[in-house]
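The next block holds one structure in the form of structure tokens; read it before the comments.
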Amino acid sequence: MIELKTGENETEFVMSREGEEANWTIVVIDKETGRSIDRARATLRGEVKYTNSEGLAYFQGIRKGTYPFVLIKEGYETIRDTVVYR
Amino acid sequence: MISLITGENSTTFTMVEVGPDLTKLDKEQLYPYLTSGYVADRWWDLPSRNRRILAQNIIDWWSVPFKVGRYKYPYNGGWRERRADCSIGVVARMSIIGDWETICTRGEYYLASWEGHADWYEFGDRSCFYLPCYIVKVQGYGFNHGICGLQLDKDMTIFDNWLFFQYDNGNIRPGDWQMPIELEGVRTFVSIERTTKKLKANSMNYETITEWEL
């Protein structure tokens, strides 16, 4: 959703050519034990995915841009990072 | 920053366990974290504010309701039984909140009873919490009293870095009957004491670590 306000507004759109999308698999493991962490909540571009019993979650069809990424699991330090696809 | 390329990408994240917010646990939930040494191991890593909240919860839940009635110790081949005084109140509390091995030896058969209950237990026979708990002497004019002090921040010489407790008071402050500011015009002294000789035959020795005049 793009919100406009009274007066002039400007929005930059980054377009990807077909076939230029990225797919991203994340693997989440416990640093101390090395075991997979399931049901960790990963958020990218406002899209939420939960890791499965193998600690895996998939983001597909990522278009070019810069996105905030947050990985949350109760009892663990939250990971915040930026994902860049140029 | 994580860079993606066109096509397939994979990233592995290693997450660090931080455990629960100890200040939000209720008494039943907190207990295993205390007896396992989990809290003691992380005591100085906790934010000061959290440590103070947690300390007050611990004292309110495990010291304030704790009433030692009588105690007994080996004497002339039998037992000598007495009504518990403040020193026994201190030892009994330290043997739970602190590390019982600093004040007594298992097998010395130094027993206490809960007030109103017939069951006797040996100091050190219960699980303890291993927290930095010390004997505190309160000495005023004609007044000698023993209470406990739980260390809240690293500088032991700062009065406000201690939570003082004994009997049904989980936060003794200057002016309370257990810590009178002055008596007959004479100021009271409060000192933190470290055990130098464990409890045996109804006596123990200790030395002063730090002292304040109220």
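Only one of A:Lys64, A:Lys73 is of a type in the set (Lys, Arg) and buried (at least 17 other Cβ atoms within 10 Å of the Cβ). Can you tell me which? I'd like the intermediate steps shown before the answer.
Numbers: A:Lys64 fails: buried (at least 17 other Cβ atoms within 10 Å of the Cβ).
From the options A:Lys64, A:Lys73, the qualifying one is A:Lys73.
Here is a list of conditions, (1) under 19 Å from B:Ser203 (Cβ atoms); (2) touching a residue at least 40 places away in the same chain (Cβ under 8 Å); (3) of a type in the set (D, E, K, R), and B:Arg52 meets all of them except one; can you say which number that is?
Condition (1) is where B:Arg52 drops out.
Quick test of your reading of the structure: A:Ser16 fulfils all but one of (1) surrounded by 15 or more Cβ atoms within 10 Å (Cβ to Cβ); (2) modelled with pLDDT of 90 or more. Name the failing condition by number.
(2)
If we only count strands (runs of 3 or more DSSP E) wholly inside the range B:155-214, which ones have 1 or more residues that are over 16 Å from the mean Cα position of the chain (by Cα) and either without any contact (Cβ under 8 Å) to a residue 40 or more places away in the chain or under 30 Å from B:Tyr75 (Cβ atoms) (or both)? Please lay out each step first, then the result.
Numbers: elements: B:162-165, B:189-200, B:203-213.
In the range B:155-214, the matching strands (runs of 3 or more DSSP E) lie at B:189-200, B:203-213.
Of the conditions (1) of a type outside the set (Ser, Thr, Tyr); (2) over 18 Å from B:Tyr130 (Cα atoms); (3) within 14 Å of another protein chain (Cβ to nearest Cβ), B:Asp26 fails just one. Which one is it?
In the conditions (1) of a type outside the set (Ser, Thr, Tyr); (2) over 18 Å from B:Tyr130 (Cα atoms); (3) within 14 Å of another protein chain (Cβ to nearest Cβ), B:Asp26 misses (3) alone.
Select from the range A:50-86 the residues that are at the interface with chain B (Cβ under 8 Å from one of its Cβ atoms) and of a type in the set (Phe, Trp, Tyr) and write down the one among them that is farthest from B:Gly7 (Cα to Cα). I'd like the intermediate steps shown before the answer.
Step one: list which residues in the range A:50-86 are at the interface with chain B (Cβ under 8 Å from one of its Cβ atoms), which gives A:62, A:69, A:71, A:73, A:75-77, A:79, A:81-86.
With the extra rule that they be of a type in the set (Phe, Trp, Tyr), the set shrinks to A:69, A:76, A:85.
Values: A:Phe69: 19, A:Tyr76: 30, A:Tyr85: 11 Å.
Within the range A:50-86, the match that is farthest from B:Gly7 (Cα to Cα) is A:Tyr76.
Kindly provide the set of residues from the range A:19-44 that are within 11 Å of chain B (Cβ to nearest Cβ), at positive phi and modelled with pLDDT of 80 or more, ordered by number.
Residues of the range A:19-44 within 11 Å of chain B (Cβ to nearest Cβ): A:19-37, A:40, A:42, A:44.
Of the ones still in play, those that are also at positive phi are A:19, A:34.
Once the filter is applied, which keeps residues that are within 11 Å of chain B (Cβ to nearest Cβ), at positive phi and modelled with pLDDT of 80 or more, the range A:19-44 yields only A:Gly34.
When you check A:Glu47 against the structure, is it at the interface with chain B (Cβ under 7 Å from one of its Cβ atoms), modelled with pLDDT under 90 and over 14 Å from B:Thr6 (Cα atoms), yes or no?
Details: at the interface with chain B (Cβ under 7 Å from one of its Cβ atoms): no; modelled with pLDDT under 90: yes; over 14 Å from B:Thr6 (Cα atoms): yes.
For A:Glu47, the condition - at the interface with chain B (Cβ under 7 Å from one of its Cβ atoms), modelled with pLDDT under 90 and over 14 Å from B:Thr6 (Cα atoms) - is not met.
Could you tell me whether any residue of the range B:61-83 is away from chain A (no Cβ under 14 Å), within 28 Å of A:Glu74 (Cβ to Cβ) and either surrounded by fewer than 17 Cβ atoms within 10 Å (Cβ to Cβ) or in contact with a Lys or Arg (Cβ under 6 Å, 6 or more places away or on another chain) (or both)? Write out each step before concluding.
We begin by selecting, within the range B:61-83, every residue away from chain A (no Cβ under 14 Å); these are B:61-83.
Now drop any that are not within 28 Å of A:Glu74 (Cβ to Cβ), which leaves B:61-62.
So of that shortlist, the ones also either surrounded by fewer than 17 Cβ atoms within 10 Å (Cβ to Cβ) or in contact with a Lys or Arg (Cβ under 6 Å, 6 or more places away or on another chain) (or both) come out as B:61.
Yes: the range B:61-83 contains one or more residues that are away from chain A (no Cβ under 14 Å), within 28 Å of A:Glu74 (Cβ to Cβ) and either surrounded by fewer than 17 Cβ atoms within 10 Å (Cβ to Cβ) or in contact with a Lys or Arg (Cβ under 6 Å, 6 or more places away or on another chain) (or both).
The values are calculated or read from the model by the stated rules, or taken from the named source; none is laboratory data. All figures in this text were calculated on a predicted structure; none of them were measured in a lab. Positions of Cβ are backbone-derived with ideal geometry, glycine not excepted, and every protein chain shown enters the neighbour counts.
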